[in-house]
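Working notes, structure below.
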Amino acid sequence: MRYWPVTLLLLSSLVAGLSAADDHPFESPSQVDPKGGEDSKALVDLWQLFQEAELEDPRIQIAHAQSEGGRWREREALGQLLPQLNASGAFNRSLQDNEVTRDVYNGERYALTLSQTLYDPETWHNYRRFSDLALQRKAEYEVAQEEATIDLVERYFSSLAAEDELELVSAELRATERNLDRVQSLYARQLALITDVLEISSRVDALRAAEIRARSDIEVSREALSELVGRTINERLKRIGDQTPFVLLTQGREYWVEHAMGSSPVLQARRSAVDAAQAALKMARGGHAPKASLSLSGQRSDIGYENSNLANRTDTYVASLGVQVPIFSGGSVSARVAAGHADLMAAEYEFEQARRQVIREVRSAYYAAEAGVSKIAASRKALLSSQRAREAAERAFGYGVMNAVDVLNATKEEYMARRDLLKAQYDFVMSNMVLRRWSGTLIRSDVHEVNKWLVAPTLEGSVSRAGL
């Protein structure tokens, strides 16, 4: 019975420390400034950053410029199939000197020529090639937009996760420091063991190091976001609200795979590349085919043959039908055909590689999204269990069957459960976005829909609102 006063004193001190920590268990990320300064009250959400990134992300701008270039190259190739009209003019001043006379005279010549290709397989298939390349560039632009969108969403939630980590570590550190002070006080009165003091001191040191890392991670994640929007982001970030509908997908796995086969811009780009390679091969084979063209020209001149004398003005009109039949070009055409065939094979293999990748990515994202709901539910139960375990550890400590370190371990497990729940929520959102990206259904409204799940951080902190 002589140990009961000591036990009761330890229990009251520990419970007082935990209660003090629970009064303000978590600081909102908006109140935690990794630089130690005063945070701005401004808020920014995913939709705002997405709109900025659309205009500022260099990857999107590069892909857009390449798409525009492909469209104009297609128009350039089309121009080779259309009529060609050329005008020319010349003004001559001639000096003719011979044994009899020395004459100086002026002469003029004007010409207008209209030509039209009638049959030229090379020119036609060249146009088809650039047409397919333009479609490829357009699809690659869509791919770049989707990649940039997924990257932005991932970096946004990585920033939230970094702030969550700082919240959790800081809260655990405050609780552990309070209890270290009390255990040291008890040890000074010979009411606690030195091993408890040393273990809790070690825990405090580890948490301080983790807090430094967490602050650094926030800076790094903010810089990653700033890279995409082209400016420094100092505003607070909106966070996932507690009313977010984490629900299962209504369509099955094969629905998304089938949809991806017809809608994925990755496959559309590779398919257009195959079509362009086929057109290039046909263009190369056209080097063996004859060519026919029609030409109409008119000329007015008062210059004699080889400018030899000044002649009467003459108008000349010519209509000509030209045929060119290639016979031998040193083997260059055959080599170009062989190279085109190899390029076509490579394009087909690249398409098959992309097809397999899309199927794998769609199925993986579907499995992750499907498991995400169950993982969130399991994480909620794990958090509830860890809370009960911590409460049981506190009671056990009161009966003398657990020491202070055991109670702190139970508290640490509770913080870890909170961290796992937040991560499960972020992973669920990312899995859904990735699934839509690879299946070719990711559009701007999807980002706007996810943005509806975000709310302004409250003074109670995002982690304390995570769930429970």
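The values are calculated or read from the model by the stated rules, or taken from the named source; none is laboratory data. Keep in mind it's a predicted model, so treat the numbers as computed, not measured. Please note: Cβ atoms are built from the backbone with ideal geometry, for glycine as well, and neighbour counts cover all protein chains shown.
Got a number for residues in the range 269-301 being basic (Lys, Arg) and out of contact with any helix residue (DSSP H, G or I) (no Cβ under 7 Å at 6 or more places or on another chain)?
First, the residues of the range 269-301 that are basic (Lys, Arg): 270-271, 282, 285, 291, 300.
Now restrict to residues that are out of contact with any helix residue (DSSP H, G or I) (no Cβ under 7 Å at 6 or more places or on another chain): 291, 300.
So the answer is 2.
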Quick one: how many residues across the range 264-292 are within 20 Å of residue 120 (Cβ to Cβ) and outside any helix (DSSP H, G or I)? 4
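Looking for whichever is part of a strand (DSSP E or B) and under 28 Å from residue 84 (Cβ atoms) here; the options are 333, 337, 323. Which one fits?
On the way: 333 fails: part of a strand (DSSP E or B); 337 fails: part of a strand (DSSP E or B).
Going through 333, 337, 323 in turn, the sole match is 323.
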Out of 127, 110, report the one residue that is among the hydroxyl-bearing types (Ser, Thr, Tyr) and part of a strand (DSSP E or B). 110
Give the number of residues within the range 303-312 that are closer than 14 Å to residue 91 by Cα and either of a type in the set (Ser, Thr, Tyr) or at pLDDT 80 or above (or both). 0
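Quickly run through the range 41-50 and pick out the residues that are surrounded by 14 or more Cβ atoms within 10 Å (Cβ to Cβ) and either of a type outside the set (Val, Ile, Thr) or within 14 Å of residue 444 (Cβ to Cβ) (or both). Step through it out loud before you land on a result.
Pass one, the range 41-50, residues surrounded by 14 or more Cβ atoms within 10 Å (Cβ to Cβ): 43-50.
Those that are surrounded by 14 or more Cβ atoms within 10 Å (Cβ to Cβ) and either of a type outside the set (Val, Ile, Thr) or within 14 Å of residue 444 (Cβ to Cβ) (or both): 43, 45, 46, 47, 48, 49, 50.
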Determine whether residue 434 is modelled with pLDDT of 90 or more, in the same structural domain as residue 259 (by TED's automatic domain parsing) and assigned to a helix (DSSP H, G or I). yes
Which condition does residue 429 not pass, out of (1) within 17 Å of residue 160 (Cβ to Cβ); (2) outside any helix (DSSP H, G or I); (3) of a type in the set (Val, Ile, Thr), if it passes all the others? (2)
Just need a number here: residues in the range 373-411 that are at pLDDT 90 or above and within 26 Å of the chain's Cα centre (by Cα). 2
Can you give me the number of residues within the range 47-102 that are of a type in the set (D, E, K, R), farther than 30 Å from residue 230 by Cβ and in contact with a helix residue (DSSP H, G or I) (Cβ under 8 Å, 6 or more places away or on another chain)? 2
Against the definition (under 17 Å from residue 122 (Cα atoms) and touching a residue at least 12 places away in the same chain (Cβ under 8 Å)), how does residue 358 come out, yes or no? no
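For the range 256-293, which positions are aliphatic (A, V, I, L, M) and either without any contact (Cβ under 8 Å) to a residue 40 or more places away in the chain or in contact with a Ser or Thr (Cβ under 7 Å, 6 or more places away or on another chain) (or both)?
Going residue by residue through the range 256-293, those that are aliphatic (A, V, I, L, M) are 257, 260-261, 266-267, 269, 273-274, 276-277, 279-281, 283-284, 289, 292.
Hit for the range 256-293 is 260, nothing else.
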Looking at (1) surrounded by 15 or more Cβ atoms within 10 Å (Cβ to Cβ); (2) touching a Ser or Thr at 6+ places or on another chain (Cβ under 6 Å); (3) over 30 Å from residue 435 (Cβ atoms), which is the one condition that is false for residue 86? (1)
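Go through the range 106-163 and give me each residue that's among the basic types (Lys, Arg) and surrounded by fewer than 18 Cβ atoms within 10 Å (Cβ to Cβ).
Within the range 106-163, the first condition is being among the basic types (Lys, Arg), and the residues that meet it are 109, 128-129, 137-138, 155.
Result: 109, single match.
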